[in-house]
Structures are given as structure tokens and as C-alpha cells.
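Following: one structure in C-alpha cells, then a few remarks.
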Amino acid sequence: MKIGLIVSAIITALITVTITSGVSTVISGTTAQEERVGLRSVSCNAALGPWDSGSGDRGEQQAAKLTEEQMGTVAKIIEVGQRRELPPLAWQIAIQAGMTESGLRSLDHGDRDSLGIFQMRPSMGWGSPEEVTDPEYAVNKFYDVLQALPDWETTRPGDSAQAVERSAFPDRYHNWEAMAAFLIGRSGEIPDPAGCGDSIGNYLVASAAAATAIDFTKEQLGEPYLWGGNGPDAWDCSGILVKAFAKAGVAIPRVANDQYLSGGAHLPVREAQAGDLVFWATDPNDPVTVHHVAMYLGNDEYIHAPQTGDVVKVSKMNWDYHELMPQAVRPGV
């Protein structure tokens with residue numbers, strides 16, 4: 001079975017290599033749907049991707065510095081994760097942990113008796129020295145411990161990496177968040193990194209439902225604004241989003257401030273991903289004063305139906321605007 005991978009030249013039997021933005025990104029040579037069954041079995045996970053909305057360039061720059069050995073370790077982490085049918089979030093956590101602990105190299109030395117990609121200690125029950133320096137064993141062992149954590153699928157990737165590694169320096173795993181996400185999908189060479197339609201162009205979307213909602217909203221570009229408009233040829237800011245998410249089977253409230261209060265899961269607005277809803281209010285401390293809503297598209301852009309006399313369009317995000325609400329909303333989560 002051929003599965004889309006980010007791999008190095010080490011596994012040449014499965015891959016073709018393309019060079020994008022100075023990063024060696026390796027993918028399977030096939031795109032046939034029937035040959036992607038293994039990838040399609042991986043579940044969607046809304047937590048995939050950078051939590052810092054402005055981190056994309058940093059991730060690409062960090063990835064460009066990786067050696068062939070390091071890319072080989074990335075390949076092994078993803079290959080084992082796919083074989084075990086783990087979601088891309090798990091791959092990201094392992095990449096961040098491996099980069100922090102060893103620079104994504106299988107080291108024969110470390111602090112005290114720490115060894116291998118994840119600096120596992122044989123004296124602490126991780127395995128024999130021969131086992132923990134074997135990348136296949138080390139990656140599987142990392143995933144075994146990760147899956148035993150009760151909240152790893154809803155926790156920030158670096159925090160999950162810390163929970164596995166139990167480091168004395170817990171915050172350092174966050175340093176490689178953007179790079180790990182870039183390696184998995186933000187290069188654009190893997191158009192569907194989670195295997196369930198949760199990427200669009202070069203940007204990761206918040207959920208599989210978000211991809212459908214984005215497509216619908218973009219189809220309305222140029223349609224006029226109409227207060228209370230529910231389509232099909234005119235819209236107001238909240239009405240277009242109700243219809244967009246309905247296309248994806250997700251129901252959200254009709255009015256903007258209700259969408260903010262009960263339209264989905266809340267997250268810091270600067271951590272928004274494509275498909276999340278962003279809001280503006282007269283008083284950002286009072287949700288009742290929310291007066292406008294839009295759909296974030298990534299790359300500091302959002303799509304919305306602005307006001308009377310205008311049309312559905314894409315605008316640039318001003319993250320410092322005084323009316324921007326501090327939380328975004330992720331429908332369907």
C-alpha cells in the first residue's frame with residue numbers, strides 16, 4: 001500500500017522527491033483514491049497545526065535547515081504513525097519531542113543514560129540500550145506512552161510531548177510547533193495531510209466541516225450584502241455562515257452574538273485556523289455587543305459579508321483592532 005509521506009531519500013522505494021521553498025518534501029507517487037485507504041483511515045483532528053497563527057514562515061525556515069538524517073527521522077515518525085492509524089496530531093507531538101530531545105537524531109549518548117531519538121532512559125524502564133536506539137522501537141514506544149495519556153488529543157502538542165518525556169524544561173517543546181506542523185502539511189505538497197479533507201491550499205483548516213463551509217462561502221464572493229439576508233443571492237454576515245456550515249451538517253445560531261456564545265468551541269483568536277469564526281464587538285468584554293462575524297481563512301485573511309452597499313469579499317485581518325473579540329469559535333467541535 002502506498003501512503004503519502006514526508007520522507008527523506010532513505011525510503012526511496014516509496015517516494016518521489018520534490019523541492020519546495022528549500023525544504024525536501026517527499027510524497028508518494030500515487031494519488032489514486034483506492035491506494036490511499038491507509039491514510040483515509042486516519043481520524044480528523046482539529047488540533048493539528050500551529051497554535052500561533054503567525055508562525056508559518058518560522059516553521060518553513062526551521063524545516064529548511066533539517067539534514068537528510070533528520071528528515072529520515074521525520075519520515076519514520078510519520079510512517080509509523082500512519083501504520084498505527086494515529087491522527088496527524090500524534091505525528092506532530094512526536095516530531096516536536098524528537099527535535100527537542102535529540103535534534104531528530106538517534107543518539108548513542110545523552111544526559112545520564114538517555115539514548116536515542118527521544119532520549120529514553122533504559123534505567124527508567126523504556127527498554128534496553130539496543131531497543132531505545134532503534135528508531136522503529138523508539139517511535140513505537142513513544143506512541144505507546146502518548147496513547148496512554150487521557151487528554152493528549154485535546155492538549156497543545158508541546159504539552160503532550162512534555163507529558164511523555166517528563167522533562168525538567170516543559171516549555172521548550174513548543175519551540176518546534178510551527179516546524180512540525182509545516183513538515184506535516186503546510187508546505188502544500190501534501191494536500192490532505194489528515195486524510196479527511198482538512199486542508200485547503202497551503203493552510204490547515206479547523207475541521208473537516210470547515211473545508212466544506214469555506215468552499216460554500218467562497219462561492220458567494222461578489223454577492224451583495226443584505227441585512228437579514230439568508231441567500232441565495234444576498235447575505236448578511238451571520239446568515240452566510242449559517243448556510244455555509246449547514247452544508248457541512250453543522251448547525252450554528254442565526255445571530256452573530258449567539259454564534260459567539262454558543263456556536264462551537266472557543267479558542268484564542270490568534271490561534272484561529274481556517275474555518276474558525278472571528279468576531280467584532282462594540283465592547284469586546286461584553287459578548288452581547290458583538291455586531292459582526294466573519295470566517296477566518298488563514299494567512300491573516302477572512303471572508304465576510306460586511307455592510308449595506310458592499311459585497312461578500314476577502315479582507316485582511318487586523319489583529320490589534322480594538323473591537324476584535326479575544327476568542328474565536330470553532331463550529332462543530
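The values are calculated or read from the model by the stated rules, or taken from the named source; none is laboratory data. Remember, predicted model here, so these are calculated numbers, not experimental data. Here Cβ is always computed from backbone atoms with ideal geometry, including for glycine, and neighbour counts include all displayed protein chains. Accessible surface is based on the protein model in full, side chains and every heavy atom, while ligands, DNA and RNA are left aside. Shrake-Rupley method; radii C 1.70, N 1.55, O 1.52, S 1.80 Å.
A simple spin-label model places the labels of E136 and V288 6.5 nm from each other, with each point 7 Å out along Cα-to-Cβ.
Please report, in debye to the nearest 20, how large the charge dipole of the range 230-291 is about its Cα centre when each Lys and Arg carries +1 at its beta carbon and each Asp and Glu carries -1 there.
Working: 4 positive and 7 negative charges, 47 e Å.
I would put it at about 220 debye.
With a cut-off of 15 Å, note down the residues of the range 80-100 whose backbone N falls inside the zone around a label point 7 Å from the Cα of T67 toward its beta carbon. Within reach of a label on T67, which here means backbone N under 15 Å from a point 7 Å along Cα→Cβ, the range 80-100 contributes 99. Looking at the square roots a ≥ b ≥ c of the eigenvalues of the Cα gyration tensor of the range 199-333, which shape do they give, rounded for a/c under 1.5, prolate if a/b is larger than b/c, or oblate? Because its axes are fairly even, with a/c under 1.5, the range 199-333 counts as rounded. Positive-end ranking of V312, H292, H322 along the dipole of the range 256-330, with charges on Cβ about the Cα centre, is headed by V312. For the range 213-333, the dipole from Cβ point charges (+1 on Lys and Arg, -1 on Asp and Glu) about the Cα centre works out to 280 debye, to the nearest 20.
For N318 and R58, the difference between the fully extended length at 0.36 nm per residue and the C-alpha to C-alpha distance is 91.6 nm. Of the solvent-accessible surface of the range 56-119, computed with a 1.4 Å probe and all protein chains present, 42% belongs to carbon and sulfur.
In this rough spin-label picture, where each label sits 7 Å from Cα along the Cβ direction, the R112-R156 distance is 2.7 nm. Within a straight-line Cα-Cα reach of under 23 Å, K247 can be paired with the following lysines, leaving aside sequence neighbours fewer than 8 residues apart in one chain: K218, K313.
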